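Working notes, structure below.
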Amino acid sequence: MSGIETTFETTFESKGGRRPQRMDVIPAGAARRMWAPDAKARIVEESFVAGANIAAIARSNDLLPQQLYAWRHTVLKAREMAFVPVVVDEPGLPSPSGSSAAEIVIHAGAITIHVPENVTAAHIERVLTAIRQAT
């Protein structure tokens, strides 16, 4: 062996003078598997298909459903915090709202929000939180 020495007890006590029974030793499971990022992504994307059965997908990939749910949760949190594309209008063109001041326009589904240049980030966050809760 590699310098590791393991000893086992060779004696034990039994109650009532009975002869000891057979004892099975179950070895620990294999070490934690390391999944390649592309394999994890493939399995998680498969679980996001409409009507997908999470338990069946987990079993088919030799996973526990809890592990797949944890991966899905991680992906959903990352998507929630993802960047959105920005469209920059050409300078000098009049803005659609008719104001000449700089502003940010946020399109959230059917809602369009015009944010003037002097609004604080905290105020924008409150507005976006209210919209998220309302939809």
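Every number here is computed from the coordinates shown, using simple stated rules; none is lab data. Since we're looking at a predicted model, the values are computed, not measured. With ideal geometry, Cβ positions are generated from the backbone for all residues, glycine too; neighbour counts draw on all protein chains shown.
Here are a few things to note about the model shown:
- Theoretical gain in end-to-end length, R72 to Q133 [0.36 nm per residue, Cα-Cα removed]: 19.8 nm
- In this Cβ point-charge picture (+1 for Lys and Arg, -1 for Asp and Glu), the stretch 33-80 has a dipole of about 100 debye about its Cα centre.
- Mean separation of Cα pairs under 8 Å and 6 or more residues apart, divided by the residue count, gives the stretch 33-80 a relative contact order of 28 percent.
- Proximal charge balance of V75 [Cβ under 11 Å; K/R count +1, D/E count -1]: +2
- Fully extending the segment from R32 to I104 would add 21.2 nm, taking 0.36 nm per residue of separation and subtracting the current Cα-Cα distance.
- Global form of the stretch 33-80, assessed from the alpha-carbon gyration tensor, a/c cut-off 1.5: oblate
- Farthest toward positive dipole pole in the stretch 33-80 [+1 Lys/Arg, -1 Asp/Glu at C-beta], among I43, A56, L68: L68
- Relative exposure of W71, W35, judged by other C-beta atoms within 10 Å (fewest first): W35, W71
- Distances between placed amide hydrogens fall under 5 Å for I113 paired with I106, H107, A108, all partners being 5 or more residues away or on another chain.
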